[in-house]
Amino acid sequence: MQKVTFDLANLLWQLELLIKLDPSITDSIFENEWDFPVATDPNGQTVEILEHFIKTDFDGFRAFLRAVESGFKKNGSTPGVVGEIFKSWGVLVSQSSSGPYRILGVQKTKDLIHEGKNAKGINSQRREGFMRLLDPHSLIGFEQRGIANPDRDLCHKTTIANLVKTGPYRKYTFEQDVLEKLSELRSTVPNFTNVTDRVIDAVNLAMRYHKPIQITPILLAGEPGIGKSHYTAELSKCLGVPLARVAIDNLQVGAALAGSSYIYSNSESGEVFKVLSEQCHISPLVVLDEIDKAQASSHEGDPLSPLHNLLEPVSAREFRDASVPIPIDASHVIWVATANYLERIPSAIKSRFEIFEAGEQSEETKKLILRSICKELQMEYAGIEFSEEVLGILVDKTPREQHQLLQRALARTVRLDETVVALEHLIAVFPGIKLPEVVKVKRCLGYL
């Protein structure tokens, strides 16, 4: 049987919003003889309602939720946001008297009640461990924006439903072992040690003072294929935050970052809004790949123009996607851009980044990166090993080439129903690979 879940944290802000929209709904408490003190502020009312019912009478709680829904429907049309809230209550309302203890767990419920008491309501910028991404009232305003376009109306309804589901708050904390993982990354990818140190400092400060991370946007500059993309992927894993990757060289306009106008039927939100609205963390890692290859056009605009506001914390706090013009807080996004040639980046954009130039890799660094790639592939494909001969051949390749060749050789190995990626597998998929003289001699003598 599938486990039933319900997010009590969402219920807190949903009730706060409903009470603010219609303060009279609290009258249903007294009409049903649920007589207990009610605070004057919506957040206080919400917390006391939840605390009272969860402690004493879950059947009464379900009846209260039904009464709230009926009260809104009696008063006329129900806004789409409110309707989505009522839909989200379906699981909770349908449960038996033992519902809250089975769905939520007693300790989790108590923790959330305590959290609610320490909060200042839906207008609070932060609760314990969470940051407010958006003001729930903005959902009402967004919904009331009239657009005579059925396709856009449907898109807006879908957006509202998703935001009601995910709620207005996002986590800003990191896992306890994040610093340990970053230290390991520092060792396994040593050509980006200075970058990793910068991230470790920012994460440590955020954790020590229980605040969201604040870090200057990072620009990784260096020759093609030195592992910039590989490093950003590993950094995302260590941080435990969502990753959004934007290929700047493919952009013609800034829509991929900040969305296209909501007046068009094919309008689509940008990556920044998507990753913040759909994921659970206020600080996703957004990677701008090959920012030096942006192609500005007099007809279609500058693809980097949204970055003027997104990379500035003050303006990013009120970021509006062109497709979904609801203000969201994008000021805690972790930005990492990659580039091959710094001189090709507009100075106004470049000045917003802290620049790290990756120099020539030492032999030891190349070996560490190669083994890191092997480890990543072994985690993805269980039971696969790589021979030392293969590693010796690939050590001088760029990280990009190493990953591509190892992946192809691995696929050939599996096709032959074997588990060790050997030299013959590598040669089979890439006959033109240059072999060192000592390897050629060994092959001639039959050792390889």
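The values are calculated or read from the model by the stated rules, or taken from the named source; none is laboratory data. From a predicted model like this one, the values you see are computed outputs, not experimental measurements. No Cβ is skipped: glycine too gets one built from the backbone with ideal geometry, and neighbour counts run over all protein chains shown. In case anyone asks, the SASA skips ligands and DNA or RNA and just uses the protein heavy atoms, side chains included. Shrake-Rupley method; radii C 1.70, N 1.55, O 1.52, S 1.80 Å.
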* Structure fact -> extent check for region 154-284: Cα max minus min per principal axis, descending, whole Å, gives 49, 37, 19
* Ranked from the most accessible area to the least, with a 1.4 Å probe and all protein chains present, what is the order of Tyr381, Tyr169? -> Tyr381, Tyr169
* Rough spin-label spacing in nm, given labels placed 7 Å along Cα→Cβ, for Thr419 and Glu354 -> 4.5 nm
* Structure fact -> Contour minus Cα-Cα span, Glu278 to Glu363, at 0.36 nm per residue, comes to 26.4 nm
* Sticking with the crude label model, points 7 Å out along Cα→Cβ, report the distance from Lys375 to Gln404 in nm, one decimal please. => 2.5 nm
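Working with all protein chains in place, sort Cys280, Cys238 by solvent-accessible area computed with a 1.4 Å probe, largest first.
Working: Cys280 80, Cys238 20 Å².
Sorted descending by solvent-accessible area, the residues read Cys280, Cys238.
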* Cα-Cα over 22 Å: which of Lys181/Lys397; Lys181/Lys211; Lys20/Lys171; Lys87/Lys211; Lys73/Lys157; Lys237/Lys274? -> Lys181/Lys397; Lys20/Lys171; Lys87/Lys211
